[in-house]
Amino acid sequence: MKKTKTPQPVIASAVEESLQKQLTILDDKFKRALADYQNLERNQHQSKLLEKGKIISKFLPLLDGLELTHQHTQDPVTEMMVKEFKKVLNELGVDLIDSQTGASFDSLTMDCIEVVAGEKDKVVKIIQPGYKLGDVVLRPARVEVGNGSSVNH
Amino acid sequence: MSKIIGIDLGTTFSAVAVMEAGKAKIIPTAEGRNIFPSIVEPVKGLVGDVAKRQMVLNPKNTIFSIKRLMGQRFDSENVKKVTKHVSFEVVKGKDGLADVKVEDKIYTPQEISAKILQKAKADAEAYLGEKVTEAVITVPAYFDDSQRQATKQAGEIAGLDVKRIINEPTAAALAYGLDKGKNEIIAVYDLGGGTFDVSILELGDGVFEVKATNGDTFLGGDDFDHRIMEWVLTEFKKETGVDLANDKQALQRIKDSAEKAKIELSSATETEINQPFITQSKEGQPLHLTMKLTRAKLEELVDDLIKKTIKPCELALKDAKLKKSDIKEIILVGGMTRMPAVQAAVKEFFGKEPNKSVNPDEAVAIGAAIQGGVLAGDVKDILLLDVTPLTLGVETMGGVSTPLIERNTTIPTTKSQVFSTASDSQPQVEINILQGERPMAGDNKPLGRFVLDGIAPAPRGIPQIEVSFDLDANGILKVSAKDKGTGKEQHITIQNVTNLSDEEVERMKAEAEKNAEEDKRKKDFVDKRNEAETFIFTTRKVLKDAGDKFEAKAKDEIEASLKDLEDEVKKDTATLDSLNDALKKASDIAQKHGEALYKAASESDKKEEPKSDEKSEEKPSEKSDKTAEKPAEEGEVVE
């Protein structure tokens, strides 16, 4: 028993060293876990918004159908339903993307499906309205864009 | 401690992923999508969807499929083929390599790819909230050295230190978790938006050797969409005589419908394509597009496309000098592999069910992120948090098993709940720790028990006994019970709670399932009995405390009904229904007299107010106390 006393400091320092090492590793792991968690929390808001957007987007073609019907039939009931539909969208925080004729084409919010005669790089006709939820574009507005002249296309 | 992201730099789409809390996760783009088109407008610096949307307006400036030009000689057959397909200008650049020319400026494929990588980097930084400087990028297995070199350069231009370039099939195999030491041969079947690749890999000791690759560089989901569009156009023309092939607006809507129909037919066997007011008849009448498309029809339309993928599979096997039976696993990559007909064709060829457990659009990026995690050191001894395989709980009044830590809870975890006593002046509680999914204590596995004594004499339900379960990462469960009144505490430590064999877990789960109905009956019965006992107890208490307020007749009647109920509770032949009837009878009688009491009280002025107050509190608790348990009143989670 007594003889073991001499090597003991060596063992102790070795143990200490390995413990120190473990501590560093664990500390790192702990910080990573904490960081991951904080990121998750921070991103949760955004991902909730995106999820909401995905669901709303599924209903947009229905509104398109109603709007087309109204355009063709001028039916007052359909017009009412279009209004109601848009009201609901509005309550959910959805905004119409401003893509009026004459507006500058912006691929952040618009999708050019055809280039036609008309003022260069300006919206000539809206084919399908676009919508956004906050900063998130749910669907770009589909537009025809003028090319300055009709010769190119 | 910054992270190494994984980037799937694809021909038509790209994706980014990163290790988060020990798991690879796709990073959503700024636009909220999991993948983005590999399309670049270099002059205005647009990448992804934003670039795609102005493609029609700006075809000469919009570069897509740049991956096909990476590290390729301008004179090569490949480049000639690509040039035919694209609207932008491909030119001969330095060292005879292919470059692109936009508005008189020359861009190397590396520079264009760098824009895609920059977006990946920016999205990752926005998501992670920190700078990202290191990445793992994937390339097709058939990429030669100069193509790999070009990809690496693209990363550097984008400001990324490319820690490694890995093969796409290797990344997919990582995503599928096939790197766990087994020596086996796998096939990776990758049918993406614009290209088809099949690779045969040999795995062993964490090393992935590509034995052979084959494919079709111009075959993918876009071809499938086109087939549907063509069919719609033909059918519509047959029906109405109107040709929509040159109506860009109508085409756009048909394209949307075709994509949607294709996706729907992966789960449904039939879908409808509806586009109202798609055009007008010659007479000026509005025409609507309404068509039914069945899965069978779709499969017929694309049959030859699917067949085209089989030849490369044969060739790859031949190159690898292997038989179909040598392939231990087939994994699916690319969105098109969601199509049941594609899966069926793969199964038929290899004679084995393909593995489709990973999202095929994301598998490559996920695998790259895992590789990144390995390099960053957070995967090597990855902190794989375990879950507890079975529920842990304690026995409560009537032999019910009350769960504290539910099955599949990630550990380490701590849960506590406050219980109480079941009878007046109960001096001690016994904590019986149970494991299993069955609702009755007797059917679960007892792990250990201990007694907490020295509880100060108090009416039933008053003492607060806090029971805490602490399950550490090594599966060691420490259960403690503390009398909050006296501060007295007892505890027990149980080893290896999570260390159950898979068979054992399965057996216990199966038993719980098998006996679910019978168990529910038992549990419902005990719950009802507990409810009845609680009712008897509380009502007697009211009679005792406020007995003088009741008329003697009423008191007798209540007492008699309680007696009946008590007899029923003690009867061996009691059933849920008989208990329910007896309880209802007793509680109706009690309520009737209780009501009369309040009426009398409110009529006889406010003298009695304190008393009646007490009673009004008592009443609802009778009802809500139905889960009262031994040694507990209903617990309140105080964690």
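Details
- Scan of region B:531-577 for residues that are open to solvent by less than 40 Å² (accessible area, probe 1.4 Å) and touching a Lys or Arg at 6+ places or on another chain (Cβ under 8 Å), ordered by number: B:GLU531, B:THR534, B:VAL542, B:LEU543, B:ALA546, B:GLY547, B:SER561, B:LEU562, B:LEU565, B:VAL569, B:ALA574
- Test: B:ILE35 is surrounded by 19 or more Cβ atoms within 10 Å (Cβ to Cβ) and among the β-branched types (Val, Ile, Thr): yes
- Of A:THR69, A:THR73, A:THR78, A:THR101, all but one fail to be hydroxyl-bearing (Ser, Thr, Tyr), open to solvent by 50 Å² or more (accessible area, probe 1.4 Å) and within 12 Å of another protein chain (Cβ to nearest Cβ); the exception is A:THR73.
- Annotation: of all residues in region B:259-291 being closer than 21 Å to B:GLN249 by Cα and more than 14 Å from chain A (Cβ to nearest Cβ), the one that is most open to solvent (accessible area, probe 1.4 Å) is B:LYS282.
- Top-ranked residue of region B:444-469 - restricted to ones that are touching an Asp or Glu at 6+ places or on another chain (Cβ under 7 Å) and charged (D, E, K, R), ranked as nearest to B:ALA516 (Cα to Cα): B:ARG449
- Residue check, B:LYS514 buried (at least 17 other Cβ atoms within 10 Å of the Cβ) and of a type outside the set (Phe, Trp, Tyr): no
- Looking across region A:68-110, the residues that are of a type outside the set (Ser, Thr, Tyr) and assigned to a loop (DSSP other than H, G, I, E, B) come down to A:GLN74, A:ASP75, A:LEU92, A:GLY93, A:ILE97, A:ASP98, A:GLN100, A:GLY102, A:ALA103, A:PHE105, A:ASP106, A:LEU108.
- Conditions (1) crowded, with 16+ Cβ neighbours inside 10 Å; (2) farther than 30 Å from B:GLU20 by Cβ; (3) of a type in the set (Lys, Arg): number failed by B:LYS488: (1)
- Pairs are defined by a Cβ separation below 7 Å, a sequence spacing of at least 6 or placement on different chains, a first member in region B:243-256 that is within 11 Å of chain A (Cβ to nearest Cβ), and a second member that is part of a loop (DSSP other than H, G, I, E, B) and open to solvent by less than 50 Å² (accessible area, probe 1.4 Å); the pairs so defined are B:ALA250/B:LEU244; B:LEU251/B:LEU244.
- The criterion of being assigned to a loop (DSSP other than H, G, I, E, B), in contact (Cβ under 8 Å) with a residue 60 or more places away in the chain and farther than 21 Å from B:PRO360 by Cβ holds for B:LEU322.
- Residue match in region B:296-307 (condition: in a loop (DSSP other than H, G, I, E, B) and either surrounded by fewer than 19 Cβ atoms within 10 Å (Cβ to Cβ) or at pLDDT below 95 (or both)): no
- Any hit, region A:52-61, residues being in contact with a Ser or Thr (Cβ under 7 Å, 6 or more places away or on another chain) and surrounded by 12 or more Cβ atoms within 10 Å (Cβ to Cβ): no
- For region B:2-13, a tally of residues being within 17 Å of A:LEU40 (Cα to Cα) and open to solvent by 10 Å² or more (accessible area, probe 1.4 Å) returns 2.
- Considering the conditions (1) within 12 Å of chain B (Cβ to nearest Cβ); (2) open to solvent by less than 70 Å² (accessible area, probe 1.4 Å); (3) at pLDDT 90 or above; (4) more than 20 Å from the chain's Cα centre (by Cα), A:ASP111 is excluded by exactly one of them, (4).
- Residues located in region B:49-105, provided they are within 38 Å of the chain's Cα centre (by Cα) and not β-branched (Val, Ile, Thr): B:ASP49, B:ALA51, B:LYS52, B:ARG53, B:GLN54, B:MET55, B:PHE64, B:SER65, B:LYS67, B:ARG68, B:LEU69, B:MET70
- The residue that is farthest from the other protein chains (Cβ to nearest Cβ), among those in region A:114-128 that are open to solvent by 30 Å² or more (accessible area, probe 1.4 Å) and of a type in the set (A, V, I, L, M, F, W, C), is A:ALA117.
- Residue match in region B:342-364 (condition: modelled with pLDDT under 90 and β-branched (Val, Ile, Thr)): no
- Residues located in region B:233-268, provided they are part of a loop (DSSP other than H, G, I, E, B) and among the β-branched types (Val, Ile, Thr): B:VAL242
- Any hit, region A:129-144, residues being more than 24 Å from the chain's Cα centre (by Cα), farther than 21 Å from B:GLU31 by Cα and within 11 Å of chain B (Cβ to nearest Cβ): yes
- Residue ranges of strands (runs of 3 or more DSSP E) in region B:41-136 with at least 1 members open to solvent by less than 10 Å² (accessible area, probe 1.4 Å) and away from chain A (no Cβ under 12 Å): B:98-102
- B:ASP223 fulfils the conditions (1) open to solvent by less than 10 Å² (accessible area, probe 1.4 Å); (2) in contact (Cβ under 8 Å) with a residue 60 or more places away in the chain; (3) under 17 Å from B:GLY335 (Cα atoms) except for a single criterion, (1).
- Filter result (more than 9 Å from every other protein chain (Cβ to nearest Cβ), among the charged types (D, E, K, R) and touching a residue at least 12 places away in the same chain (Cβ under 8 Å)) within region A:49-66: A:LYS52
- Here B:VAL16 clears all of (1) modelled with pLDDT of 90 or more; (2) out of contact with any Lys or Arg (no Cβ under 7 Å at 6 or more places or on another chain); (3) in a loop (DSSP other than H, G, I, E, B); (4) open to solvent by less than 40 Å² (accessible area, probe 1.4 Å) except the condition numbered (3).
- Any hit, region B:236-246, residues being out of contact with any helix residue (DSSP H, G or I) (no Cβ under 9 Å at 6 or more places or on another chain), open to solvent by 60 Å² or more (accessible area, probe 1.4 Å) and either farther than 27 Å from A:ILE113 by Cβ or at pLDDT below 90 (or both): yes
- Number of residues in region A:34-48 that are within 7 Å of chain B (Cβ to nearest Cβ) and open to solvent by less than 50 Å² (accessible area, probe 1.4 Å) equals 3.
- Considering residues of region B:23-32 that are open to solvent by less than 30 Å² (accessible area, probe 1.4 Å) and in contact (Cβ under 8 Å) with a residue 12 or more places away in the chain only, the residue farthest from the chain's Cα centre (by Cα): B:THR29
- Test: residue in region B:350-365 that is out of contact with any Ser or Thr (no Cβ under 9 Å at 6 or more places or on another chain), in a helix (DSSP H, G or I) and closer than 23 Å to B:ALA21 by Cβ: yes
The values are calculated or read from the model by the stated rules, or taken from the named source; none is laboratory data. Only a predicted model underlies this, so the values are computations on that prediction, with no experimental measurement involved. With ideal geometry, Cβ positions are generated from the backbone for all residues, glycine too; neighbour counts draw on all protein chains shown. Side chains are part of the model used for accessible areas, which takes the heavy atoms of the whole protein and leaves out ligands, DNA and RNA. Shrake-Rupley method; radii C 1.70, N 1.55, O 1.52, S 1.80 Å.
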